[in-house]
Amino acid sequence: MSIARKRLTPEQSRTAALQAARELLIEFGPQSVTLKAVATRVGRTHANLLHHFGSASGLQRALAAYLAETICNTIGEAVLKSRAGEGNPRDVVDLTFDAFDKEGAGALASWMLISGNEDALDPIVEKIHELVDDLAEGGHDDRTLHENTLELVFLALGDALMGRQ
């Protein structure tokens, strides 16, 4: 007896693949984020994922953008809560460190760079710049917020790649 697969819209299929890729990244590391592994996890074919992402590199780049989007949304909400007195700056720092470590963004970025994907950090950097510009009181000209954010991101990335020691 065969079980019919649910037909997904292209956007649903892409989102399901990115969620599966994120799970694989967190569970097994960046080397596990392959078209075959993601296809298996979502019950789709390798060809289906090729159609959506073009290559393993394209999948990894889309995953980086997906992580950046979801993580920056969460961090943005934490910043706004902190400004409203409902949270504190430590929450923002913890979320940033967790994004690069526990969420796998640091490992994914380094894996992509080592694999020759030189523009691997572009989606992450673009989303962070967008978030900072949105949150900055002086817009893009708020140099202090930009510099503090850059320092925080470098510290979180370094911690994720080399550990606290």
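The values are calculated or read from the model by the stated rules, or taken from the named source; none is laboratory data. Just so you know, these numbers come straight off a predicted model, no measurement behind them. No Cβ is skipped: glycine too gets one built from the backbone with ideal geometry, and neighbour counts run over all protein chains shown. The accessibility values were calculated without ligands, DNA or RNA, using every heavy atom of the protein model including side chains. Shrake-Rupley method; radii C 1.70, N 1.55, O 1.52, S 1.80 Å.
Structure values in brief
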| quantity | calculated |
| --- | --- |
| Criterion: among the hydrophobic types (A, V, I, L, M, F, W, C), farther than 20 Å from Leu161 by Cβ and either out of contact with any strand residue (DSSP E or B) (no Cβ under 9 Å at 6 or more places or on another chain) or in a helix (DSSP H, G or I) (or both) - qualifying residue of Ala99, Ala107, Ala16, Ala68 | Ala16 |
| Residue satisfying condition, being closer than 17 Å to Gln19 by Cα, out of contact with any His (no Cβ under 6 Å at 6 or more places or on another chain), modelled with pLDDT under 90 and not hydroxyl-bearing (Ser, Thr, Tyr), within set Ala56, Ala120, Ala136 | Ala56 |
| Residue among Leu50, Leu67 that is open to solvent by less than 60 Å² (accessible area, probe 1.4 Å) and either in contact with a His (Cβ under 7 Å, 6 or more places away or on another chain) or of a type outside the set (Val, Ile, Thr) (or both) | Leu67 |
| Every residue from region 37-68 that is of a type outside the set (A, V, I, L, M) and more than 20 Å from Leu8 (Cβ to Cβ) | Ser55, Ser57, Gln60, Arg61 |
| Test set (1) without any contact (Cβ under 8 Å) to a residue 40 or more places away in the chain; (2) closer than 23 Å to Phe28 by Cβ; (3) not in a helix (DSSP H, G or I) - Asn117 fails condition number | (1) |
| Filter result for His146 (more than 27 Å from Ala21 (Cα to Cα), open to solvent by less than 30 Å² (accessible area, probe 1.4 Å), part of a helix (DSSP H, G or I) and not polar (S, T, N, Q)) | yes |
| Residue match in region 32-40 (condition: closer than 26 Å to Glu130 by Cβ and within 18 Å of the chain's Cα centre (by Cα)) | yes |
| Hits in region 24-47 - residues which are over 16 Å from Ala109 (Cβ atoms), out of contact with any helix residue (DSSP H, G or I) (no Cβ under 7 Å at 6 or more places or on another chain) and open to solvent by 70 Å² or more (accessible area, probe 1.4 Å) | Glu27, Phe28, Thr40 |
| Total residues in region 92-141, condition basic (Lys, Arg) and either touching a Phe, Trp or Tyr at 6+ places or on another chain (Cβ under 7 Å) or open to solvent by less than 60 Å² (accessible area, probe 1.4 Å) (or both) | 1 |
